[in-house]
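One structure, as structure tokens, below. Some questions next.
The values are calculated or read from the model by the stated rules, or taken from the named source; none is laboratory data. Fair warning: this is a prediction, and the values are worked out from it, not measured in the lab. Quick reminder, even Gly has a Cβ in these numbers, built from the backbone with ideal geometry, and neighbours come from all protein chains shown. In case anyone asks, the SASA skips ligands and DNA or RNA and just uses the protein heavy atoms, side chains included. Shrake-Rupley method; radii C 1.70, N 1.55, O 1.52, S 1.80 Å.
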Amino acid sequence: DQDDIEPIKMCGVGVAVANGIDDVKIVADSSADVLAIKSVPYASAPLTIRTTQKEYVDNDALDVAEMVKDLLSNTEKTTTACPGVGDWIDAFGDAKYVFCVTITSGLSGSYNSAMTAKQNYEETYPDRKVFVIDSLSAGPELKLIIEKLQELILDQKTYEEICTLIPQYMEHTGLIFTLESVRNLANNGRVSHLIASAVGILGIRILGRASDQGTLEQLYKCRGEKKALPTLLKMLHDHNFNGKKLRIGHVFNEQAAIKIKDLVLTDYPDANIEIYPLRGLCSFYAENGGILIGFEKE
Ligand code: X90
């Protein structure tokens, strides 16, 4: 059937065609919320969420609902950790060409860790190459980058071509979000005090975007979902959504995600929209009810 044929068709990237499918691999940290993809080898390097009692590894075995529930009733400090150099090298496996996507270097050490892993990997195996991509974002924007990598690989683009095309694509992607709480972000020093204090008031949510530096930029605050959803739509307009791909990740808030999808389709009838639950790391920081939207822009 089709699934058996496809992997042969893509046979590595450009110059390495004769060496077969194991030659190319997409790797991302678990902030991408992507556990597996079709047709191209893929691995996810997990971040971890830690209390003094317990460690949650953000892999496919994690029960996100249980973690979110546990942490709601937990009052002690919870921290997170990015993949270590060894975790990244494990994820690279034995691929000749690796495309490695990380959460923003503006908020995490994941990118630095991946860069060290790249150095070690290329020193140990001089014929292998790793292209590390700092997403300057989190969640659904990484998903868009991974989908584009997959498309370029299946299109038989060479390693060098992809190294040029992906940064160009990323100039045309963005991330907006709405959060009902920034408690975990604030407790871990990942947002300014200004933003943290805005959301201290019950019922107030913030709307914002990933800044060009890969940090949280607050654009609005509002009370209640009724106002938040049209504002998200306005933000998409303001940030030049091209009417094509949009990815909505949510923390146990599928209802709002569906409403957003319907609103978007009214203005952009040809949009390609997918809704999915966020995994551990993004659920921890975006918190219950949180919505992250990755989109393509002009
Ligand atoms: O290295 C680590 O321990 C991970 C730290 C990650 C901190 C930020 C995670 C943000 C997740 C929250 C809203 C979207 C913000 C996007 C700004 C670039 C998602």
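What does the charge dipole of the stretch 126-182 about its Cα centre add up to, to the nearest 20 debye, if the Cβ of each Lys and Arg holds +1 and the Cβ of each Asp and Glu holds -1?
120 debye
Among the trypsin sites (Lys or Arg not before Pro) in the stretch 50-116, which ones are in a DSSP loop with at most 14 other Cβ atoms within 10 Å of the Cβ? Mind listing them?
Hits after loop and neighbour filter: LYS54, LYS77.
Using a probe radius of 1.4 Å on heavy atoms only, what accessible surface per residue do you get for the chain? Whole Å² is fine.
That works out to 45 Å² for each residue.
Hey, another quick one. Helix 110-124 against the longest principal axis of the chain: what's the angle in degrees, Cα atoms only, rounded to the nearest 10?
Taking the Cα atoms of the chain, the angle to 110-124 is about 10 degrees.
Related question: Using Cα pairs closer than 8 Å and at least 6 residues apart in sequence, work out the relative contact order for the stretch 146-281, in percent.
RCO, the stretch 146-281: 16 percent.
With +1 on the Cβ of every Lys and Arg and -1 on the Cβ of every Asp and Glu, and nothing else charged, how large is the dipole of the chain about its Cα centre, in debye rounded to the nearest 20?
Dipole of the chain, to the nearest 20 debye: 1240 debye.
Can you give the relative contact order of the chain as a percent, counting alpha carbon pairs under 8 Å and 6+ residues apart?
So the answer I get is 19 percent.
Further, regarding this structure: Could you tell me which residue out of ILE162, TYR97, LEU281 lies farthest along the dipole of the chain toward its positive end? Charges go on the beta carbon: Lys and Arg +1, Asp and Glu -1, centred on the Cα centre.
LEU281
Evaluate the charge dipole of the stretch 90-210 about its Cα centre and quote only its size in Debye, nearest 20, assuming +1 on the Cβ of each Lys and Arg and -1 on the Cβ of each Asp and Glu.
The calculation lands at about 540 debye.
Taking the 0 to 90 degree range and rounding to the nearest ten, how far is the long axis of helix 254-267 tilted relative to the main principal axis of the chain, both from C-alpha atoms?
80 degrees
Mind checking the angle between helix 140-154 and the chain's longest principal axis? C-alpha axes, 0 to 90 degrees, to the nearest 10.
On a 0 to 90 degree scale, this one is about 20.
Tell me, what is the FRET efficiency for ILE258 and ASP63 to the nearest 0.05, using R0 = 30 angstrom and their Cβ-Cβ distance as r?
0.80
For the chain, give the percent of accessible area contributed by carbon and sulfur heavy atoms, probe 1.4 Å, rounded to a whole number.
C and S fraction of accessible area: 51 percent.
Name the aspartates and glutamates eligible as straight-distance cross-link partners of LYS221: C-alpha to C-alpha under 18 Å, and not fewer than 8 places from it in the same chain.
Hits, sequence-local ones excluded: GLU180, ASP238, GLU287.
What lysines does LYS297 reach when the alpha-carbon gap must be under 19 Å and sequence neighbours fewer than 8 apart in one chain are set aside?
Counting by Cα, and skipping residues close in sequence, LYS297 has these lysines nearby: LYS143, LYS148, LYS234, LYS244, LYS245, LYS261.
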